[in-house]
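Worksheet: the structure to be examined is printed underneath.
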Amino acid sequence: MSGDKSNIFLSPPNGLYWVHMLLLDTPVKSLSRLMPKYVSLLEKLGILTLGDMLRHIPFRYEDYSQISTIDSVTIGEVSTIIGEIVKLKTIRAWKKKMFITEAFLEDESGSIRATWFNQPFLMNTLAEGKEIRVSGKISSGKSGIYFSNPAWEFSRREPTNTGRLVPVYPETDGLSSKWLRWQLQNIFQADVRFDDPLPETILQKLKLPPLEKALRFIHFPETENQYLLARKRFAFEEMFLLQLRSIQMKSRWQQEHSVSIHFDESLIKQFTIALPFTLTNAQRKAAFQILKDLEKNHPMNRLLNGDVGSGKTIVAAIASLQAAAAGFQVAIMAPTEVLARQHFLTFSELLKNHALTIALLTNAYQEKNEPQTTGHKSQTIIKETKSAQKTNLLTDISSGEINLVIGTHALIQKSVKFKNLALIIVDEQHRFGVTQRAYLQQEITSINDGLPGKIPHFLTMTATPIPRTLSLAYFGNLDLSLLDEMPKNRKPIITEIISPGRREKIYDFIRQEIHAGRQVFVILPLVEESKVLTEVKAATREFERLSKTIFPNLNIGLVHGKLKSTEKEKAMWDFANQKTDILVATAVVEVGIDIPNASVMIIEDADRFGLSQLHQFRGRIGRGQHQSYCFLFTSASGSASTARLKALVESENGFKIAEKDLELRGPGEFFGTRQSGLPDIAMENLTNVKLITLAHEEAQQLLSRDPRLKKHPLLAKRIRTLEINVHQE
Ligand code: ADP
Ligand code: MG
């Protein structure tokens with residue numbers, strides 16, 4: 001037995017039991033060497049178990065593998081030498097309030113000095129006569145060349161921090177890479193059972209190292225090839241898990257039941273003929289795919305992936321009309337109340353010739369700022385919520401009197417009871433998490449309505465076009481409809497990058513445009529989420545500057561994240577109704593509202609946004625018959641940021657821009673890191689088509705033999721942890 005080995009590492013027996021072997025599940029807090037302080041630091045990194053610690057993967061390596069003789073080191077280069085300490089001292093540099101420890105090292109070729117700052121405790125560990133291995137950069141000074149703050153360890157110890165490829169970890173305050181290396185060394189020396197979730201057949205087939213080997217390779221590689229191979233294995237593993245999860249989700253979803261909604265071709269024809277424009281081919285195809293899905297008696301789960309302005313709303317309206325005309329209810333959810341309201345108006349207008357009752361269910365509406373929407377001389381009855389009427393509205397929803405309910409996400413989360421909800425449409429104006437969608441999906445399955453055993457068909461619409469490479473890994477469980485074609489009548493938006501010197505000229509241009517009857521958006525830069533107040537202050541300041549100094553004769557509105565929803569509504573509606581000429585808005589505020597008369601947009605500090613987001617903003621103009629202009633203000637003179645912004649000047653294709661954005665910033669930034677719940681190595685590989693395809697194929701094969709992963713409990717377990725991480729967002 002190797003109990004002795006693990007004894008060093010485990011807490012002494014507390015009388016209950018004696019553990020001989022460490023498992024990957026062993027909590028780090030039961031490792032005796034870890035003081036409670038470290039346990040909580042590890043927790044901050046998400047490390048709770050030994051397995052988590054081992055899967056804390058280095059993000060780079062220091063190459064200290066070349067061992068030289070002292071006489072062959074070169075200034076400016078990284079070197080490793082082994083030498084005996086012939087002299088050791090610490091001096092206190094009074095002026096700089098600093099301790100300087102110096103060791104003079106000697107080998108048979110010569111001698112060299114090593115210097116450490118503010119580590120006086122080194123005097124307790126180092127001693128004259130001891131031999132150490134030292135790795136670091138060679139500097140030169142008044143008294144010759146020396147190692148400045150090098151890594152070191154006693155030469156009799158196994159190379160861990162020096163003399164090899166040394167791993168560097170993502171750190172948190174107080175947890176150094178050096179500390180992690182020691183702990184990991186200990187773990188590898190203890191008796192650990194490395195249960196590998198990946199089946200051996202797959203490892204063999206793909207020539208990937210098994211878990212223990214891969215972990216040794218990734219933490220303490222002897223060659224670059226070793227860690228590359230290990231990274232490949234872990235990347236495959238993550239993609240494989242994602243694929244297993246999405247295939248399972250998909251098949252679970254398909255086992256659910258839904259109402260089958262007959263595709264009434266003449267109804268849809270009648271609807272499209274009445275539109276003031278013809279549908280694009282992409283819209284036609286997407287609508288057809290959706291209507292075909294609705295006919296099935298298992299639920300649709302489809303993503304309508306289209307650029308801003310590609311006309312997703314009409315497609316959603318067609319699906320809604322079909323479901324409602326067949327006697328079922330439809331819920332449409334928007335990310336904000338403003339957008340819910342706009343959808344309410346748009347759907348009411350689009351569907352006015354069909355005897356449907358449409359309701360808007362939100363919390364914030366007050367009578368004052370309501371536009372005149374009730375004037376339709378059609379059979380459509382429009383119900384709005386006012387606090388007093390809300391109960392009535394809820395009753396009307398549960399009785400089935402209302403066919404279409406439009407609102408925010410609260411719509412299905414609240415205690416709204418439906419009679420026969422057959423279709424849910426989510427308009428994700430924000431790129432909110434893919435994983436949140438999965439969560440939403442869960443909620444849908446337990447929706448409160450009068451169709452027991454049936455769940456609604458589900459359609460989501462994206463705001464940001466998602467590059468195909470990314471959708472492969474991320475949306476494996478969804479069917480995709482692509483709107484990759486813009487309506488024909490669009491005038492291209494003229495986009496320009498504006499350096500500070502041209503600001504005044506642009507202001508003149510704005511005066512002209514407003515004089516000609518147009519309106520202008522001014523978008524202010526994004527400030528970190530935690531700094532909403534800074535953002536509000538900046539917005540207010542800019543608002544005042546514009547109203548007092550620049551455009552004293554114009555009407556200017558302001559929306560920012562700290563306004564009450566009613567105030568936001570008012571600002572938006574004043575702008576929509578042309579009571580204001582300019583709307584100053586912070587990026588946190590949803591400007592997803594359609595204002596065809598707005599023809600100019602200024603984006604301040606444009607370099608601080610992602611390309612996709614800029615494109616998204618820009619999509620708010622160019623919706624009417626006027627020539628539109630988007631001015632990207634930037635004071636960043638760096639050619640890199642200007643080069644990045646050029647992508648917007650050159651293209652209006654949201655898919656291309658997203659592709660570029662993804663390439664420049666990587667999937668983590670593209671999606672917003674917090675949204676994914678995925679480890680970095682998975683993130684890095686989200687666009688690795690080859691790897692994903694491979695993972696997908698293997699996942700499919702495995703699940704066809706073992707659909708519930710009964711024979712692969714370790715995989716099942718890892719998928720569950722994936723789920724937990726995801727839900728903790
Ligand atoms: P998004 O995909 O960004 O949600 P919308 O559905 O809001 O786009 O459509 C943008 C605008 O284009 C709307 O004013 C809509 O009426 C109009 N539109 C939609 N489809 C077409 C089409 N086929 N031809 C012309 N205009 C269209
Ligand atoms: Mg839209």
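The values are calculated or read from the model by the stated rules, or taken from the named source; none is laboratory data. The structure presented is a predicted model; accordingly, all values stated were derived computationally and were not measured. So basically every Cβ, Gly included, is an ideal-geometry build from the backbone, and we count neighbours across all protein chains shown. To get the accessible areas, we keep the full protein, side chains included, count just its heavy atoms, and leave off ligands, DNA and RNA. Shrake-Rupley method; radii C 1.70, N 1.55, O 1.52, S 1.80 Å.
Roughly what angle does helix 281-295 make with the longest principal axis of the chain, taking Cα atoms, 0 to 90 degrees, to the nearest 10?
90 degrees
Determine the calculated [θ] at 222 nm for the chain from helices alone, applying -39500 (n - 2.57) to every DSSP H run no shorter than 4 residues and normalising by the residue count; nearest 500 deg cm²/dmol. Spell out each step's value before the answer.
Numbers: 25 runs with 286 residues, N = 729.
Helices in the chain give a 222 nm mean residue ellipticity of -12000 deg cm²/dmol.
Using θ = phi - 60° and the Karplus form 6.51 cos²θ - 1.76 cosθ + 1.60, what ³J(HN,Hα) does each residue of segment 129-146 get, whole Hz, x for Gly and Pro?
x, 8, 9, 10, 10, 10, 10, x, 8, 8, 10, 10, x, 4, 9, x, 8, 7
Of the accessible area of the chain, with the probe set at 1.4 angstrom, what percent is carbon plus sulfur?
Working: 17350 of 34100 Å².
Of the solvent-accessible surface of the chain, carbon and sulfur hold 51 percent.
So what's the convex hull volume per residue for the Cα atoms of segment 494-651, in Å³? List each step's numbers first, then the result.
Details: hull volume 16.9 nm³, N = 158.
In segment 494-651, the Cα convex hull volume per residue is 107 Å³.
Let me check something: with ligands and nucleic acids excluded, how do Thr495, Thr90 order by accessible area (1.4 Å probe), largest to smallest? Intermediate values should be presented prior to the final figure.
On the way: Thr495 10, Thr90 45 Å².
Greatest to least solvent exposure: Thr90, Thr495.
Calculate, for Ser30 and His298, the FRET efficiency according to 1/(1 + (r/R0)^6) with r their C-beta to C-beta distance and R0 60 Å; round to the nearest 0.05. Spell out each step's value before the answer.
Numbers: r = 47 Å, r/R0 = 0.78.
FRET efficiency, Ser30 to His298: 0.80.
Tell me, what is the 1.4 Å probe accessible area of Lys250, in Å² to the nearest 10?
Result for Lys250: roughly 60 Å² accessible.
Holding the Cα-Cα limit at 29 Å, pick out from Lys352/Lys570; Lys690/Lys711; Lys419/Lys488; Lys44/Lys417; Lys29/Lys89; Lys285/Lys710 the pairs that are longer than that. Don't skip to the answer; put the middle values down first.
On the way: Lys352/Lys570 26 Å; Lys690/Lys711 27 Å; Lys419/Lys488 40 Å; Lys44/Lys417 41 Å; Lys29/Lys89 38 Å; Lys285/Lys710 40 Å.
As for pairs spanning more than 29 Å Cα to Cα, those are Lys419/Lys488; Lys44/Lys417; Lys29/Lys89; Lys285/Lys710.
Listed here are the pairs Lys207/Lys232; Lys137/Lys213; Lys505/Lys660; which of them are more than 21 Å apart at the Cα?
Numbers: Lys207/Lys232 10 Å; Lys137/Lys213 31 Å; Lys505/Lys660 30 Å.
Too far apart for the 21 Å limit: Lys137/Lys213; Lys505/Lys660.
Determine by what factor the alpha-carbon radius of gyration of the chain differs from 2.2 N^0.38 Å, reporting the quotient.
On the way: Rg = 31.5 Å, N = 729, 2.2 N^0.38 = 26.9 Å.
After normalising by residue count via 2.2 N^0.38 Å, the value is 1.17.
Starting at 0 and stepping by 10 Å, how many percent of the alpha carbon pairs of segment 127-266 end up in each bin?
Reading upward from the zero bin: 9, 24, 25, 16, 11, 7, 4, 2, 1, 0.
For segment 94-106, just list the computed ³J(HN,Hα) in residue order, Karplus coefficients 6.51, -1.76 and 1.60, θ = phi - 60°, integers in Hz, with x standing in for Gly and Pro.
Once θ is set to phi - 60°, the couplings for segment 94-106 become 4, 4, 8, 6, 9, 8, 10, 9, 10, 10, 9, 10, 9 Hz.
Extending each Cα 7 Å along its Cβ direction at Ile67 and Lys97, get the distance between those two points in nm, one decimal.
Placing both labels 7 Å beyond Cα along the Cβ direction yields 4.2 nm.
Using the Karplus curve 6.51 cos²θ - 1.76 cosθ + 1.60 with θ = phi - 60°, work out ³J(HN,Hα) for each residue of segment 79-93 in order, rounded to whole Hz, and write x for Gly and Pro.
9, 10, 9, 10, x, 8, 6, 9, 8, 9, 7, 10, 10, 10, 7
Translational diffusion coefficient of segment 595-639 at 10 °C, 1.306 mPa s, Stokes-Einstein with Kirkwood Rh over Cα pairs, in µm²/s as a whole number.
Values: Rh = 11.2 Å.
The diffusion coefficient I find is 142 µm²/s.
Taking only protein heavy atoms into account and a 1.4 Å probe, give the accessible area per residue of segment 61-168 in Å².
Working: 5790 Å² over 108 residues.
Value returned for segment 61-168: 54 Å² of accessible area per residue.
What figure, in Å² to the nearest 10, do you get for the accessible area of His262 with a 1.4 Å probe and non-protein molecules left out?
130 Å²
Could you give the length gained by full extension between Leu206 and Ile75, i.e. 0.36 nm per residue of separation minus their alpha carbon distance, to one decimal place? Display every interim value, and only then the final one.
Values: separation 131, 0.36 × 131 = 47.16 nm, distance 4.42 nm.
Going from the current span to full extension adds 42.7 nm.
Would you mind checking which residues have amide H under 5 Å from Val584's amide H? H placed 1.01 Å from N; only 5 or more apart, or other chain.
Val522, Gly557, Leu558, Val559
Put +1 on the Cβ of every Lys and Arg and -1 on every Asp and Glu Cβ in the chain; which of Ala359, Asn688, Ala103 then has its Cα farthest towards the positive end of the dipole?
The listed residue farthest towards the positive side: Ala359.
With both partners inside the chain, how many of the DSSP beta bridges are antiparallel, as a percent to the nearest 5? Numbers along the way, then the final one.
Working: 39 of 103 bridges.
Close to 40 percent.
Which order, highest average first, do 197-205, 119-127, 213-221, 624-632 follow once you tally other Cβ atoms within 10 Å for each residue and take the mean per peptide?
Working: 197-205: 15.0, 119-127: 13.1, 213-221: 22.1, 624-632: 19.7.
Answer by packing, highest mean first, reads 213-221, 624-632, 197-205, 119-127.
For Ile138, what accessible surface area do you get with a 1.4 Å probe? Give it in Å², rounded to 10.
Counting only protein heavy atoms, the figure is 0 Å².
Translational D (Stokes-Einstein, µm²/s) of segment 270-372 at 20 °C and 1.002 mPa s when Rh comes from the Kirkwood sum over C-alpha pairs? Mind dumping the intermediate values first?
Details: Rh = 15.1 Å.
Answer, rounded: 142 µm²/s.
For Lys568, list the lysines whose Cα falls under 27 Å from its own Cα; do not include residues on the same chain fewer than 8 positions away.
Lys312, Lys368, Lys383, Lys386, Lys390, Lys414, Lys531, Lys537, Lys548, Lys579
Return one number: the angle in degrees, 0 to 90 and rounded to the nearest 10, between the long axis of the Cα atoms of helix 654-671 and the longest principal axis of the Cα atoms of the chain.
40 degrees
Considering Cα pairs under 8 angstrom that are at least six residues apart, work out the relative contact order of the chain and quote it in whole percent. Walk me through the numbers on the way to the answer.
Numbers: 1304 pairs, mean separation 84.6, N = 729.
Normalised by residue count, the contact order of the chain is 12 percent.
So who's got an amide H within less than 5 Å of the one on Thr495, skipping anything under 5 residues away but keeping other chains? H placed 1.01 Å off N, in plane.
Long-range HN contacts for Thr495: Cys630.
Let me see the pair-distance distribution of segment 61-168: every alpha carbon pair, 10 Å bin width, integer percents in order.
Pair shares across the bins are 15, 50, 30, 4.
Which order do Asp25, Asp661 take when ranked by solvent-accessible area (1.4 Å probe, heavy atoms of all protein chains), largest first? Working shown, then result.
Details: Asp25 85, Asp661 0 Å².
Most to least solvent-accessible, the answer reads Asp25, Asp661.
Taking a temperature of 10 °C and a viscosity of 1.306 mPa s, what whole-number D in µm²/s does Stokes-Einstein yield for segment 579-659 with Rh from Kirkwood over alpha carbon pairs?
Details: Rh = 13.4 Å.
Rounded to a whole number, D works out at 119 µm²/s.
In terms of modelled amide H atoms, which long-range or inter-chain residues lie less than 5 Å from the amide H of Thr49?
Val28
How far is helix 265-274 tilted, in degrees, relative to the longest principal axis of the Cα atoms in the chain, given as a value from 0 to 90 rounded to the nearest 10?
With both axes taken from Cα atoms, the answer is about 80 degrees.
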